[in-house]
Amino acid sequence: MTRWVATVDGQARPVHVEGRDGRYRVVVGDQVLEVDARRTADGQYSLLVDGVSHVADIAPADRGTRVDVDGATYLVEVEEHIRHLIRTRGAAGTRGGSQTITAPLPGKITHVAVAPGDRVERGDTLVVIEAMKMENEFKAAAAGTVHEVRVRPGQSVDAGDVLLVIG
């Protein structure tokens, strides 16, 4: 089973896919779909979803993919489940105005972009971890001031380790 997270028009949903050769069982959140998918032309697919026929036109977009189905257009971004966890848990929420950035899985710190006292804005890169042969940037979820940096480049971290705190 392949696990993904699909973000459709800004709303993230877990997606699990089983099957092959054009026949799939797709679980989106709590919904289970039986899908027969066939490519009919470049960027066009014929879909049979739970017995209902659809035509999907798929094209690259600035961020993600534009999917046109039955007259409706969706912006879809798909990423591996583990990458989504790294990205979303790394950009911790702003409960109480502070952000505690923790490592979602073991890895090695490759870059620390901030120091205590630095002012950061939403989306600024804070730290980069190499995990599972991929570099993952952790970004600020909101503006704030860096209070603590608990890691340095080259350091190994375990899941749950606090990397830094922003207030």
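Every number in this text was worked out from the coordinates using simple rules, so none of it is lab data. The model shown is predicted, which means the values in this text are computed figures rather than measured ones. Glycine gets a Cβ as well: all are built from the backbone with ideal geometry, and neighbour counts include every protein chain shown.
Data table
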quantity: Between 0 and 90°, nearest 10: helix 81-90 axis offset from the chain longest Cα axis; calculated: 30
quantity: Sum of -39500 (n - 2.57) over DSSP H runs of 4+, divided by residues of the chain (222 nm, nearest 500); calculated: -2000 deg cm²/dmol
quantity: Positive-end residue, the chain charge dipole about Cα centroid, Cβ charges, pick of Leu164, Leu105, Gln44; calculated: Leu164
quantity: Distant-in-sequence amide H partners of Ala113 (H built 1.01 Å from N, under 5 Å); calculated: Val127, Val128
quantity: Whether region 2-80 is rounded, prolate or oblate, judged on the alpha carbon gyration tensor where a/c under 1.5 counts as rounded; calculated: oblate
quantity: Structure-derived mean projected area of the Cα convex hull in nm²: which label, when the choices are (i) 10.0; (ii) 11.5; (iii) 12.5; calculated: (ii)
quantity: Among Met134, Gly19, Val151 - extreme Cα towards positive end, dipole of the chain, charges at beta-carbon; calculated: Val151
